[in-house]
Amino acid sequence: MKVPFANEPLTDFTEERNRLAFEAALRTVERQLGQTYPIRIGGKEIVTDNKIVSFDPAAKERIVGFVSQGDAGLAEEAIRTAERTFHTWKRYTPDERARYLYKAAAVMRRKKHEFSAWMVYEAGKTWAEADADTAEAIDFMEFYGREMQRLGRPQPLTRIPDEDNELYYMPLGVGIVIPPWNFPLAITVGTTTAAVVAGNTVVLKPASPTPVIAAKFAEVLREAGLPDGVVNFLPAPGGTVGDFMVGHPLTRFISFTGSRDVGLRINERAAQTAPGQKWIKRVVAEMGGKDSIVVDRDCDLDLAAETITASAFGFSGQKCSACSRAIVHEDVYDRVLEKVADRTSRLVVGDPAKWATNVGPVIDEKAFRKIGEYIRVGRQEGRLVIGGGTGDPAGYFIEPTVFADVDPDARIAQEEIFGPVVAFIKAASFDEALAYANNTEYGLTGAVISRNRDHLELARREFFAGNLYFNRKCTGALVGVHPFGGFHMSGTDSKAGGRDYLLLFTQAKLVSEKW
């Protein structure tokens, strides 16, 4: 009997022993940089001539690894292997499937710092951000294992005389899992293992900027003894191979986390019925946000400033939940802006392998150029308060940037930047602040900093976001505590890490027998 779920503790790096252990993990990973990783289909390892070359965004000439890249032919093989395996895997009991997740969680826990160190090198995460990512990955496996065991028990139904009725949650079939690069371990692990523990089989197509971390996760599943063919690891281009797999008639569902445009394309393509297809494909999508922190006139101003700074610039703002808009009541606007600028000025931008670093690089040259263009737009749409420049040219470093006096309909107030840029918007009243918070096409996260109970209750009803936080930051959702997913163009409100999530990968069957 498993103990009740509890979140994996974060590492306290103020303790010297923990810092020394993490530094040792960084050295261990550094010695492994530059290795080659295969595709895994069924029990086969396949090395192809075409490779994805993964680079360290903090030192863009450093190669993290070479990962074999698949094509449509290998995608076909992976899907058919997953389909064949499904017919045996679905017969494993929920308890049996859950035990594989618990074993994988134990393997990852023993290598916790090493996995975090891989994210420092491949994703540019600081120690704290990487540690939280690994902890969340462990949480997903522990939580979803227990959830599948719960769903596998007899479900409550209204009972009537002389009839036996039972409700079962059955798996769907073959799923395509397409995770993002910004949480390269946590979301990869969560989306994959949720589908698997529900009895489905998977083709995992990792994000191209972070394929090595995904390959390391595939190794964990193998070490945990997961049967061949349950998870098939296929790094491949999204625009060609990804489209092929989404449109395949044997694909039953697609689990995607990424941009709005790609998510909409997947949803549209999945809605088209392919010859031989027997089902309506299910799409589970999380597609980003344009998240606001609303600051009321009656609040703790230091808390507001700390909340905005942490939410906007953690992992260089490369979170769909990041604060990209601070909507502040005019009576406290100048003071909050000053406090945020002061805190931002003290952030250390640099090598994420160093403990003292607060802000590392953005992920790659494409992101670097895109964010730079938005900063140029911001100089026209607002007043630059701090930042706006770049850092060490050896990596993709961008200074945390604050723009003030931004119109709520400006581009930098409406479009997802996905970088360390926050726009300050002045509101004349709390009602106006809420209206501004709701004026985008997204609805993922948000926060309100206020001491006014009436205003908090108004926001509880009217602030349209899937995850709304009061008097705390709008990032950092915990598995089991803050089920995560948003409205509108933020996705399908999947509520990852919650009690509803596994239902997305199952179908309910009612069996009734008359006595």
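Quick look at the values:
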quantity	calculated
Within region 18-66, strands (runs of 3 or more DSSP E) holding 2 or more residues that are surrounded by fewer than 19 Cβ atoms within 10 Å (Cβ to Cβ)	35-37, 44-46, 51-56
Of residues in region 267-311 being within 24 Å of Thr257 (Cβ to Cβ), of a type in the set (Asp, Glu) and in contact (Cβ under 8 Å) with a residue 40 or more places away in the chain, the one surrounded by the most Cβ atoms within 10 Å (Cβ to Cβ)	Asp291
Residue in region 429-436 that is surrounded by fewer than 19 Cβ atoms within 10 Å (Cβ to Cβ), in contact with a strand residue (DSSP E or B) (Cβ under 7 Å, 6 or more places away or on another chain) and within 26 Å of Gly382 (Cβ to Cβ) present	no
Where Gly73 falls short, out of the listed (1) under 16 Å from Ile213 (Cα atoms); (2) surrounded by fewer than 17 Cβ atoms within 10 Å (Cβ to Cβ)	(1)
Test: residue in region 450-459 that is at pLDDT 95 or above, under 30 Å from Ile363 (Cβ atoms) and either of a type in the set (A, V, I, L, M, F, W, C) or assigned to a helix (DSSP H, G or I) (or both)	no
Residue list for region 362-380, restricted to those being surrounded by fewer than 19 Cβ atoms within 10 Å (Cβ to Cβ) and of a type in the set (Gly, Ala, Ser)	Gly372
Subset of region 444-470 (residues that are buried (at least 16 other Cβ atoms within 10 Å of the Cβ), touching a residue at least 40 places away in the same chain (Cβ under 8 Å) and not hydrophobic (A, V, I, L, M, F, W, C))	Thr445, Gly446, Ser450, His455, Asn467
Filter pass, Ser259 being closer than 17 Å to Val284 by Cα, in contact with a strand residue (DSSP E or B) (Cβ under 6 Å, 6 or more places away or on another chain) and among the polar types (S, T, N, Q)	no
Which numbered condition Arg91 fails, given (1) touching a Gly at 6+ places or on another chain (Cβ under 9 Å); (2) surrounded by 15 or more Cβ atoms within 10 Å (Cβ to Cβ); (3) not in a helix (DSSP H, G or I)	(2)
Residue check, Glu61 under 30 Å from Val362 (Cβ atoms) and among the charged types (D, E, K, R)	yes
Residue selected from region 109-158 under the condition in a helix (DSSP H, G or I) and touching a strand residue (DSSP E or B) at 6+ places or on another chain (Cβ under 6 Å), by the criterion nearest to Val479 (Cα to Cα)	Leu151
Matching option when the condition is at pLDDT 95 or above and buried (at least 23 other Cβ atoms within 10 Å of the Cβ), among Val385, Val359	Val359
Condition met for Glu114 (surrounded by 24 or more Cβ atoms within 10 Å (Cβ to Cβ) and on the phi < 0 side of the Ramachandran plot)	no
Residue count, region 151-171 (criterion: closer than 28 Å to Ala82 by Cβ and in contact (Cβ under 8 Å) with a residue 60 or more places away in the chain)	6
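One line per residue, one yes/no per condition, for (1) among the aliphatic types (A, V, I, L, M); (2) surrounded by fewer than 21 Cβ atoms within 10 Å (Cβ to Cβ); (3) assigned by TED's automatic domain parsing to the domain that holds Arg80; (4) in contact with a strand residue (DSSP E or B) (Cβ under 7 Å, 6 or more places away or on another chain):
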{"residue": "Val203", "(1), (2), (3), (4)": "yes, no, yes, yes"}
{"residue": "Glu219", "(1), (2), (3), (4)": "no, yes, yes, no"}
{"residue": "Glu223", "(1), (2), (3), (4)": "no, yes, yes, no"}
{"residue": "Asp228", "(1), (2), (3), (4)": "no, yes, yes, no"}
{"residue": "Val231", "(1), (2), (3), (4)": "yes, no, yes, yes"}
{"residue": "Ala236", "(1), (2), (3), (4)": "yes, no, yes, no"}
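The values are calculated or read from the model by the stated rules, or taken from the named source; none is laboratory data. Small disclaimer: the values here were computed from a predicted structure and weren't measured. Here the Cβ is made from the backbone with ideal geometry for all residues, glycine too, and neighbour counts use every protein chain on show.
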